[in-house]
1. If you take the residues of segment 114-148 that are of a type in the set (Ser, Thr, Tyr) and outside any helix (DSSP H, G or I), which of them is nearest to the chain's Cα centre (by Cα)?
2. Go over the candidates Asp129, Asp102 one by one and state the one that is within 19 Å of Arg8 (Cα to Cα), of a type in the set (Asp, Glu) and modelled with pLDDT under 95.
3. If His240 passes every condition in (1) in contact with a helix residue (DSSP H, G or I) (Cβ under 7 Å, 6 or more places away or on another chain); (2) at positive phi; (3) not small (Gly, Ala, Ser) but one, which one does it miss?
4. Would you pick out the residues in segment 109-142 that are open to solvent by 20 Å² or more (accessible area, probe 1.4 Å) and under 20 Å from Tyr176 (Cα atoms)?
5. Out of Ser181, Ser205, Ser200, I need the residue that is modelled with pLDDT under 95 and open to solvent by 20 Å² or more (accessible area, probe 1.4 Å). Which one?
6. Output the residue which, of all residues in segment 17-35 that are over 14 Å from Cys58 (Cβ atoms) and of a type outside the set (Ser, Thr, Tyr), is modelled with the lowest pLDDT.
7. Name the residues in segment 198-229 that are within 30 Å of Gln260 (Cβ to Cβ), part of a helix (DSSP H, G or I) and either free of Cβ contacts under 8 Å to residues at least 12 places away in the same chain or more than 21 Å from the chain's Cα centre (by Cα) (or both), would you?
8. Return the residues of segment 184-197 that are in a helix (DSSP H, G or I) and either surrounded by 24 or more Cβ atoms within 10 Å (Cβ to Cβ) or of a type in the set (D, E, K, R) (or both); say none if nothing qualifies.
Amino acid sequence: MSNRVVCREASHAGSWYTASGPQLNAQLEGWLSQVQSTKRPARAIIAPHAGYTYCGSCAAHAYKQVDPSITRRIFILGPSHHVPLSRCALSSVDIYRTPLYDLRIDQKIYGELWKTGMFERMSLQTDEDEHSIEMHLPYTAKAMESHKDEFTIIPVLVGALSESKEQEFGKLFSKYLADPSNLFVVSSDFCHWGQRFRYSYYDESQGEIYRSIEHLDKMGMSIIEQLDPVSFSNYLKKYHNTICGRHPIGVLLNAITELQKNGMNMSFSFLNYAQSSQRRNWQDSSVSYAAGALTVH
């Protein structure tokens, strides 16, 4: 065994967000300063993973709810965009780089997860190609900067899970979600609408296309707020809304259900909703973003 530390580079810096640490810091500070913290301390957040020019201000609503003084481990669940994956996968590196500072993977928790036999390893190539986890790293670093040497991250790439697998992974992660020193970051954009996404659901009774998209998304968001994984699955089957993080969301909802069975009282609320642009005609396309937080009472 070599003791060489393996790093994942910030492969999307310079394209999806600025590679300049000071500039990035100022941007994140700007977005966070415009937001209220009403749901602190969040035990889990849902936040988008697009380029920061599109969703940086939306994501701030979720990250503002993080309490760095109690958070010691951050699980980041992101969907797989590039490789077919029917389970979940763990990174093969030790360190995730960001333009702000490096984040350390929690090898102890990774060891526990690996022992379950439920995970695959992702190659460094897969890891660096994927943006769904990386887009949360600068925000995580920023939210935690006052305690930056006191926390670790647990990145998990979530595959196209069946409902029963979502339940299994939910059960597995529920014991970690029960711990107030853990935070779950669930990475998801909402509706991807337009020809390039092969999705063009339109309910004319809502008015303009972008209003129909918002209505569809908010239907899904209110089901997530009810914390019911079965209703969420049924909603997806009925409308096929292109919510790319539907499987990480499904895992979170199943973990919550497991804890509710044991008498834990939780609530989830969405704090912001945005669209990359307001679509009015069929040639257009857009992506929606939502940010929300889970609190334990």
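1. If we filter segment 114-148 for residues that are of a type in the set (Ser, Thr, Tyr), which is where we start, we get 116, 123, 126, 132, 139-140, 146.
Going one step further and asking which of them are outside any helix (DSSP H, G or I), we end up with 116, 123, 132.
Details: Thr116: 23, Ser123: 21, Ser132: 7 Å.
Checking each candidate, the answer is Ser132.
2. On the way: Asp102 fails: modelled with pLDDT under 95.
Step by step, each of Asp129, Asp102 is checked, and only Asp129 is within 19 Å of Arg8 (Cα to Cα), of a type in the set (Asp, Glu) and modelled with pLDDT under 95.
3. Of the numbered conditions (1) in contact with a helix residue (DSSP H, G or I) (Cβ under 7 Å, 6 or more places away or on another chain); (2) at positive phi; (3) not small (Gly, Ala, Ser), the odd one out for His240 is (1).
4. Gly111, Glu112, Trp114, Lys115, Thr116, Gly117, Met118, Glu120
5. Ser200
6. Ala19
7. If we filter segment 198-229 for residues that are within 30 Å of Gln260 (Cβ to Cβ), which is where we start, we get 214-229.
Okay, now just the ones that are also part of a helix (DSSP H, G or I), so 214-225, 229.
Across segment 198-229, the qualifying residues are His215, Ser222.
8. The initial filter retains those residues of segment 184-197 that are in a helix (DSSP H, G or I), namely 195-197.
Once the filter is applied, which keeps residues that are in a helix (DSSP H, G or I) and either surrounded by 24 or more Cβ atoms within 10 Å (Cβ to Cβ) or of a type in the set (D, E, K, R) (or both), segment 184-197 yields only Arg196.
The values are calculated or read from the model by the stated rules, or taken from the named source; none is laboratory data. As the structure is a computational prediction, the values presented were derived from the model and not from experiment. Glycine gets a Cβ as well: all are built from the backbone with ideal geometry, and neighbour counts include every protein chain shown. With ligands, DNA and RNA removed, areas are computed over all heavy atoms of the protein, side chains included. Shrake-Rupley method; radii C 1.70, N 1.55, O 1.52, S 1.80 Å.
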